[in-house]
């Protein structure tokens, strides 16, 4: 019986995947990512935020047993928690895994729940990055909803990226624009997050998210007044990516 060929390093696989799927669309990239041996065991990481329903719906149609990792930071809007439960049931997702911060670490590092005010990076690490990295250990890849139109470092994003040395990040919607997202949601009659209509085009934790005014970028309400644009769960070459989100105008 012949021995299986050793799997190539992540960087080599990412380069090959991007070359093979360069001219494919979002649904084709996602479909192949869910079954391609070069990608490996995969999970969808979803915030169940303003645009999350697009990938959640695609996955529910293609492979509804795909693990979906949802970070409950214990500081989310109640509407987000309700929307998460509603979508999981409506779409028939069978493996939604709710991730929460380690109780002992919360007690040690944020016992009064006010860390977000003094050190939002430390709060995101405690409540988002650390739980997610622990949950991703069994997986060789994860799916994100990031898009080039969101600006900054995302403008040159490819379908496949190296997430450090041991994991692949898949961005099926990398080349989609705002109109593509809106059209998909409308055409498939998908429910929107209830806070979108109230001026929240980008949603995170309640203490660090505010409504967006006319003419502002859609992420202007995230960590308003602070030099911070990302929660820290996205990495490039093992380092946190903190892109500057540019105005839509």
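Say whether the condition of being modelled with pLDDT of 95 or more, assigned to a helix (DSSP H, G or I) and in contact with a strand residue (DSSP E or B) (Cβ under 7 Å, 6 or more places away or on another chain) is met by at least one residue in the range 85-93.
So far as the range 85-93 goes, yes, one or more of its residues are modelled with pLDDT of 95 or more, assigned to a helix (DSSP H, G or I) and in contact with a strand residue (DSSP E or B) (Cβ under 7 Å, 6 or more places away or on another chain).
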### Scope the range 104-127; condition over 22 Å from residue 45 (Cβ atoms) and part of a helix (DSSP H, G or I); matching residues
104, 107, 108, 109, 115, 117, 118
## Note on the structure
When every residue in the range 63-81 that is assigned to a helix (DSSP H, G or I) and touching a residue at least 60 places away in the same chain (Cβ under 8 Å) is compared, the one surrounded by the most Cβ atoms within 10 Å (Cβ to Cβ) is 80
### Message
Cβ contacts < 8 Å: first residue on the phi > 0 side of the Ramachandran plot and in contact (Cβ under 8 Å) with a residue 12 or more places away in the chain, restricted to the range 185-204; second residue in a loop (DSSP other than H, G, I, E, B) and exposed (fewer than 14 other Cβ atoms within 10 Å of the Cβ), any location; separation 6+ or different chain. Result?
### Response
199/211; 199/213
### Members of the range 11-65 that are on the phi > 0 side of the Ramachandran plot and in contact with a helix residue (DSSP H, G or I) (Cβ under 6 Å, 6 or more places away or on another chain)
48
### Query
Could you say whether any residue in the range 164-174 is surrounded by fewer than 20 Cβ atoms within 10 Å (Cβ to Cβ), part of a helix (DSSP H, G or I) and either on the phi > 0 side of the Ramachandran plot or under 16 Å from the mean Cα position of the chain (by Cα) (or both)?
no
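The values are calculated or read from the model by the stated rules, or taken from the named source; none is laboratory data. Because the structure is a prediction, the values reported are computed rather than measured. When we count neighbours, we look across all protein chains shown, and the Cβ atoms used for this are built from the backbone with ideal geometry, even at glycine.
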